[in-house]
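Structure first, commentary second.
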């Protein structure tokens, strides 16, 4: 067998083995249909492999091994949890399972929230138009088998439908208690035309987790999404965010990652209606055995849309940062404004930054650019601070924070941004 | 030209630009054919053909084994599918792998004995195969500039000019088949040392069936007294050209090498799979320039050359320097990534490229800069222009290995689309494995740098003037890297008014 056919076979065999060992969850008509379709997709695509071009810089094995490796639970040591001073509705998950006792009542004007587990037992649900549908669409141009696996087997997660302009943020809080929990989490978030929501996520879902979030934004809807992925060192996780934007819809998503043995954050965004806006940003700080991968795909499928990707990584002691970003501009998407920047600051010789920023453009009247840089702390800037009496460690810290600021600046809400910045500074100073 | 007429023109792309592009496509100047009796090897590819080619070139046993080894490896390999190219399935058994003009059966002792028809062919292409001065366009220079030419016609080299004068300087410039006879120790030492037989599918194919190409050896401390050039012509139908070029620049030497290629217009596609290997030793400098003008196919995408080329330079020792300059205007399909292995400390690689794809052409081209030594430097400037239904992709790799400390790369890729049915793509790979290296990559489709515009505007130029100056300046920056002989041809080929497309 020639090498390519052999690889496909190996991947399919791996998927078949996984599927043989797991039974699809029981459910009502709509959920069963979606799960079976996802199972078929997974069987066809096979499990991801390090030899896939798409996994060139990250090894998916720890995400696909039969059992999760144990990951110790750490105490963040924060005086105050993240977003604590924000008036929000808290929904708490422990090791990927909903904890009703620790959560606020899921009542928020303009929002309908239900558990995936409950909704899946019914035969009809609004989520059927989104659940697994956006994920399936996200399988081209590249296969994302972990997302199909999630759609097929997830039983935890929230189905959130927003009909109005919601004032209080909705906060999903993930806590860990087990060192070996292996969680699948699948959220569906739908904003009707003109609706608005701020969604906060905080913490690592489990020792190993696979999270899919499908977001459907109606015309003029606005979603502000801020996510922090905790500080645990050993956990591994893969997240997929699939978002479809209608005309004039807005998505602003920011992710802060600190540590984690392996994190693969994928974002797939379709600008389906004209004048949509998608801003996605990420800041990550990695120290030691840390592998962080941002893989982003933005498809301009309508005219006059704007997209922005800003990714910043600070890496040291062998940490590896990966950025794979692609902007695809369809022929119809004239007057597109696409921007992408990925930058890394390598604090010592062991750190690595691997990037593949792509543009694929089929429309002629566009403004698209990408930039990528990598290097160490600027000696001149460092000297400037030292010359003014700033101690070494503090000077480095200032420059690191200044470097990350460009990504944090993407957060619209100043209070939330300041809160994240304070936490980040505290974390960094403890490890300095 | 149907393709562009249908295309809706946008503001800022002026009619002249489109017409220039059209005229280039409409009038492929080198599409004629030389009628001449040819001697073909039987159609198809198998071990016997490999043996036959080896025998025709009177090769030693080791080279035959080397070819057979490559052929066996090729059989286990697959055609690469990662490029953004739609390559129709190629029937490798429907090709001729060896075609030689009958008149070349007895190897002519000098160019004077070569069939006049063949000499005419080159004269018509503007490549004088006489030991005379200048190429078109550079008259008036204070001193006539000499250019030595190796003319490769289908599978064989017709001859090489200025051999004696070069030999006096110690420079060896001949066809690779001659080098195998006359300098076997050099060929054996360096052949396949930069591009191994199993490097990739097309390199393996080339290693098995390469028929001719040029060999250049510049001894230590020698600055080659003239430019060297090879002119490739595909003439015979259904015949692939598989040339192999090997350049060795010893310590402290210096050479500038030019390469040009054309082919007749035909309805069927023809295969061209070349390998170029360059070995650069301490303090040596090689400049390699290409004007690739293979037949690109007609306006409906019929015919044209499939150009699958592996080009790589190995800067083996300290302060070695390589510069690739390419103007890619021809070929139905281009798959080409001239690369630099920067192994020696402080070695340097540069890549300047203009790639133009029109009608149904597809180009996937770029470079690889592999930094292995300390303080190595590389610079990539790529300008891609797409028109008609063409797809133009820049694909590049910049890799900083852990030991390549304090190295530097700067990459700039600009794309210009003319019309709304074409595509322009950028696929850079950036791998940084040490902190003290600095890598910067920029790619854009916004046509002119705002800072530069601002600078011009600040000094009182109106906007159009400023745009014209900046774009012109940028384009010249790439063109001026070409040796003068080629700059003329290249400028004519790139006679696209970039100023007008930016407005």
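Quick note: the coordinates plus some simple rules give every number you see, no bench work behind them. Note that this is a predicted model, so its numbers are computed, not measured. Cβ sites come from the backbone with ideal geometry, for glycine too, and all protein chains shown count toward neighbours.
Which percent of Cα pairs goes in each bin when the distances of the stretch B:26-123 are cut into 10 angstrom slices starting at zero?
12, 30, 31, 24, 4
Only counting other Cβ atoms within 10 Å, I'd like B:244, B:233 sorted with the fewest neighbours first.
Placing the least packed residue first, the sequence is B:233, B:244.
Based only on other Cβ atoms within 10 Å, what is the fewest-to-most ordering of A:103, B:382?
Ascending number of Cβ neighbours within 10 Å: A:103, B:382.
Which value in Å is the Kirkwood Rh of the stretch B:262-387 over different Cα pairs?
15.0 Å
Out of every Cα-Cα pair in the stretch B:37-83, what percent are more than 11 Å apart?
71 percent
Just for the stretch A:3-376, what percent of DSSP beta bridges are antiparallel, to the closest 5?
Around 5 percent antiparallel, to the nearest 5.
Calculate the FRET efficiency for residue A:103 and residue A:177 from the Cβ-Cβ distance with a Förster distance of 22 Å, rounded to the nearest 0.05.
Step by step, r from the Cβ atoms, then E = 0.90.
At 0.692 mPa s and 37 °C, plugging the Kirkwood radius over alpha-carbon pairs of the stretch A:3-376 into Stokes-Einstein gives what diffusion coefficient in µm²/s?
For these conditions, the coefficient is 158 µm²/s.
Between residue B:48 and residue A:422, what is the spin-label point distance in nm, taking each point 7 Å from the Cα along the Cα→C-beta axis?
Between residue B:48 and residue A:422, the simple spin-label model gives 8.5 nm.
Given a Förster distance of 35 angstrom, what is the FRET efficiency for residue A:70 paired with residue A:394, based on the Cβ-Cβ distance and rounded to 0.05?
Step by step, r from the Cβ atoms, then E = 0.45.
Semi-axes of the stretch B:314-386's equivalent ellipsoid from the Cα gyration tensor, sqrt of 5 times each eigenvalue, largest first, rounded to whole Å?
29, 10, 8
Between residue A:140 and residue A:4, what is the spin-label point distance in nm, taking each point 7 Å from the Cα along the Cα→C-beta axis?
Roughly 1.8 nm, to one decimal.
What angle, in degrees between 0 and 90 and rounded to the nearest 10, separates the Cα long axis of helix A:392-408 from the longest principal axis of the Cα atoms of chain A?
Tilt of helix A:392-408: around 40 degrees.
Per DSSP H run of n ≥ 4, the term is -39500 (n - 2.57); total these for chain A, divide by its residue number, and report the mean residue ellipticity at 222 nm rounded to 500 deg cm²/dmol.
Result for chain A: -7000 deg cm²/dmol, rounded to the nearest 500.
Say R0 is 41 Å: what FRET efficiency, to the nearest 0.05, do residue B:77 and residue B:455 get from their beta-carbon distance?
0.20
Over the stretch A:76-215, what number does the Rg to Rh ratio reach, with both radii from the alpha-carbon atoms and Rh per Kirkwood?
We get a ratio of 0.96 for the stretch A:76-215.
Under a 10 Å cutoff between Cα atoms, tell me which one of A:382, A:98, A:403 has the largest fluctuation in the Gaussian network model of chain A.
Result for chain A, Cα springs under 10 Å: A:382 fluctuates most.
For the stretch A:278-432, what value does the Rg/Rh ratio take when both radii are computed over Cα atoms and Rh is the Kirkwood radius, given to two decimals?
Ratio of gyration radius to Kirkwood radius: 1.04.
Going by average Cβ neighbours within 10 Å, how do the peptides A:151-157, B:104-110 rank, with the highest at the top?
In descending order of packing, they fall as A:151-157, B:104-110.
Among A:174, A:131, which comes first, then next, by fewest other beta-carbon atoms within 10 Å?
Starting with the residue having the fewest Cβ neighbours, the order is A:174, A:131.
To the nearest µm²/s, what D does Stokes-Einstein give for the protein assembly as shown at 4 °C and 1.567 mPa s, using the Kirkwood radius over alpha carbon pairs as Rh?
43 µm²/s
Could you give the radius of gyration (one decimal) and Dmax (whole number) of the Cα atoms in the stretch A:1-157, in Å?
Calculated on Cα positions, Rg and Dmax stand at 18.9, 60 Å.
According to a simple spin-label model (label point 7 Å from Cα along Cα-to-Cβ), what is the distance in nm between residue B:165 and residue A:381?
Between residue A:381 and residue B:165, the simple spin-label model gives 5.6 nm.
Report the equivalent ellipsoid semi-axes for the stretch B:198-338 in whole Å, largest first, defined as the square roots of five times the eigenvalues of the gyration tensor built from alpha carbon atoms.
30, 15, 12
Relative to the longest principal axis of the C-alpha atoms of chain A, give the angle of the C-alpha long axis of helix A:29-45, reported between 0 and 90° and rounded to the nearest 10°.
Roughly 60 degrees, rounded to the nearest 10.
Given the options A:144, A:208, A:421, state which has the largest fluctuation in a GNM of chain A using a 10 Å cut-off (strictly under) for Cα springs.
Result: A:421 has the largest fluctuation of those listed.
Which of these, A:282, A:28, A:237, has the largest mean-square fluctuation under a Gaussian network model of chain A (Cα springs below 10 Å)?
A:28
Give the span of the stretch A:245-292's Cα atoms along each principal axis, as three whole-Å numbers ordered largest to smallest.
Taking the Cα atoms of the stretch A:245-292, the three principal extents are 44, 14, 8 Å.
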